[in-house]
């Protein structure tokens, strides 16, 4: 109950404070390339249910048809503005609306696409029993995930065989010992990781 109350207050406060930034980003995205301002992607949420995750669009239209993983910050599918939005995680800010409506939490396991969730084993499925989040320990530890994938001979194999299982382990540990002050710590560590 406290977590949900925090999510509502925190997301609403940030949405109000960041509204001018949202407007500037929306204009930049729109004039930089053809397509909509937002990118909606189906992700798997709590109780294994699909929902639409909001992001500022950082790729050219239909770029996701060439693969679900982003390989490096200079992936040719990323727009000029999109590069900076991704670098400073600004593209993730519209997920505050997902938090406000209850699809997500501020802190929780990052929601995955169905293709990869279908690969989870029985133990890993526990991750989709809780509300997913904008940030978690895995996001902090793998803040350079795009660059790791860029340097891999087979990016998807690296993700499935090594990165995804490691992130899921961090998520499972979080679920087993989650509490309000741990969430605050994750928020502060996330901010530090973005700016350092």
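Taking each residue of the stretch 161-179 that is without any contact (Cβ under 8 Å) to a residue 24 or more places away in the chain and looking for partners that are surrounded by 14 or more Cβ atoms within 10 Å (Cβ to Cβ) and in a loop (DSSP other than H, G, I, E, B) with beta-carbon atoms closer than 7 Å, six or more apart or interchain, yields 163/142.
Condition check: loosely packed, with under 13 Cβ neighbours inside 10 Å, in contact (Cβ under 8 Å) with a residue 12 or more places away in the chain and more than 25 Å from residue 10 (Cβ to Cβ). Does residue 115 satisfy that? It is true that residue 115 is loosely packed, with under 13 Cβ neighbours inside 10 Å, in contact (Cβ under 8 Å) with a residue 12 or more places away in the chain and more than 25 Å from residue 10 (Cβ to Cβ).
Taking the stated definitions as given, is residue 124 surrounded by 15 or more Cβ atoms within 10 Å (Cβ to Cβ) and more than 23 Å from residue 58 (Cα to Cα)? For residue 124, the condition - surrounded by 15 or more Cβ atoms within 10 Å (Cβ to Cβ) and more than 23 Å from residue 58 (Cα to Cα) - is met. Total residues in the stretch 3-54 satisfying the condition of being touching a residue at least 60 places away in the same chain (Cβ under 8 Å) and either assigned to a helix (DSSP H, G or I) or within 22 Å of residue 88 (Cβ to Cβ) (or both): the figure is 19. Taking residue 158, is it touching a helix residue (DSSP H, G or I) at 6+ places or on another chain (Cβ under 7 Å) and either exposed (fewer than 13 other Cβ atoms within 10 Å of the Cβ) or without any contact (Cβ under 8 Å) to a residue 12 or more places away in the chain (or both)? Criteria met by residue 158.
Out of 134, 175, 186, one residue alone is touching a helix residue (DSSP H, G or I) at 6+ places or on another chain (Cβ under 7 Å), surrounded by fewer than 16 Cβ atoms within 10 Å (Cβ to Cβ) and either at negative phi or not in a helix (DSSP H, G or I) (or both). It is 175. When the stretch 137-155 is filtered for residues that are assigned to a helix (DSSP H, G or I) and either free of Cβ contacts under 8 Å to residues at least 60 places away in the same chain or buried (at least 19 other Cβ atoms within 10 Å of the Cβ) (or both), the ones remaining, listed by number, are 137, 138, 139, 140, 141, 145, 146, 148, 149, 155.
Values in this text are rule-based calculations from the coordinates and carry no lab data. Note that the structure is a prediction, hence the values are computed from the model and not measured. Quick reminder, even Gly has a Cβ in these numbers, built from the backbone with ideal geometry, and neighbours come from all protein chains shown.
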